[in-house]
1. Report, to the nearest whole %, how much of the accessible area of the stretch 94-161 belongs to carbon and sulfur atoms, 1.4 Å probe, protein only.
2. Counting residues in the chain as N, plug N into 2.2 N^0.38 Å and put the Cα Rg over that result.
3. Find the eigenvalues of the gyration tensor of the Cα atoms of the stretch 65-108, then list the square roots of 5 times those eigenvalues as equivalent ellipsoid semi-axes, largest first, in whole angstrom.
4. Nearest 0.05, what FRET efficiency do K32 and H89 give at R0 = 41 Å with Cβ-Cβ as r?
5. Which lysines does K32 reach when only Cα atoms under 20 Å apart count, and residues fewer than 8 places away in its own chain are ignored?
6. Largest first, what is the accessible-area ranking of R127, R67, R35 with a 1.4 Å probe?
7. Just to be sure I understand: of the beta bridges DSSP finds with both ends in the stretch 9-73, what percent are antiparallel, rounded to 5?
8. Measuring from centroid to centroid over Cα atoms, what is the spacing of the stretch 70-130 and the stretch 1-57 in Å?
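The values are calculated or read from the model by the stated rules, or taken from the named source; none is laboratory data. Everything quoted here is computed from the prediction, not taken from an experiment. Note that each Cβ is placed from the backbone with ideal geometry, even for glycine, and that neighbours are counted across all protein chains shown. Calculation scope for accessible area: heavy atoms of the full protein, side chains included, ligands and nucleic acids excluded. Shrake-Rupley method; radii C 1.70, N 1.55, O 1.52, S 1.80 Å.
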Amino acid sequence: MTIAVGDKLPNATFQEKTADGPVEVTTELLFKGKRVVLFAVPGAFTPTCSLNHLPGYLENRDAILARGVDDIAVVAVNDLHVMGAWATHSGGMGKIHFLSDWNAAFTKAIGMEIDLSAGTLGIRSKRYSMLVEDGVVKALNIEESPGQATASGAAAMLELL
């Protein structure tokens with residue numbers, strides 16, 4: 001069952017590579033008492049993710065934060081090292097959280113998994129964005145196609161804020 005507006009996010013633990021090394025980030029740590037924009041991509045370094053989706057959030061980071069958002073995070077079913085390399089390569093390290101859902105546990109728990117085996121990617125996350133307040137989904141934008149980043153992009157999120 002896919003998560004919906006009004007639902008509380010399930011407990012999960014992500015990994016994040018920081019300047020100080022790897023850390024575990026729990027949903028409680030990330031969302032408790034905060035207003036957070038979370039967006040998901042099918043894969044770090046993939047074309048739409050790297051050329052469109054992520055850059056929009058990095059370019060609009062300050063505008064999003066200025067609208068009462070405490071934090072921004074991107075999640076992907078990639079390992080910690082790939083997410084860390086993507087954070088460094090994109091210039092996003094320290095600006096937004098690059099969360100590794102390495103085993104797709106969070107993605108599956110919220111019903112956002114997609115089988116992209118035909119494209120050699122295996123089980124990944126659907127592309128989406130959500131506004132989360134104190135762990136509760138307040139807005140949810142799911143893309144119809146993993147190759148698009150319109151409904152879930154930063155411009156659409158800014159309109160919601």
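1. 50
2. With N residues counted in the chain, Rg over 2.2 N^0.38 Å equals 0.92.
3. Computed over the stretch 65-108, the values are 20, 15, 5 Å.
4. With R0 = 41 Å, the Cβ-Cβ based efficiency is 0.85.
5. K32 reaches K8, K95, K138.
6. Largest accessible area first, the list is R67, R35, R127.
7. 65
8. Their Cα centres are 7 Å away from one another.
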